[in-house]
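To start, the structure itself, in structure tokens.
Only the coordinates and a few stated rules stand behind these numbers; no lab work does. Everything numeric here is computed off the predicted structure, so don't read it as measured data. As a convention, Cβ positions derive from the backbone with ideal geometry for all residues, glycine included, and neighbour counts pool all protein chains shown.
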Amino acid sequence: MAFPRKEREVSDFVAARELNEKISFVRNEHKVSGTIYKILENSVIVQISNKDADLIGAASNLTVVAHKNYTVEK
């Protein structure tokens, strides 16, 4: 049995996100930059360099970042 999905309004910030957009975030006291790989409802999957992945202890060069925890680079 599946529960029906609740429709929620998407914020302007999330609606403005695009694939391959450059963002930055802080993880384990290190500032990391990457590109948006996939946009999810509450977060984005970000592709980062292998060096940054090692630095922050990520298992791969893809990591999940909540919308509230990154800034868009210009």
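A few points about this structure:
- Some residue of segment 35-56 being of a type outside the set (V, I, T) and at positive phi: no
- Among the residues listed as V10, V44, the single one being aliphatic (A, V, I, L, M) and more than 13 Å from Y70 (Cβ to Cβ): V10
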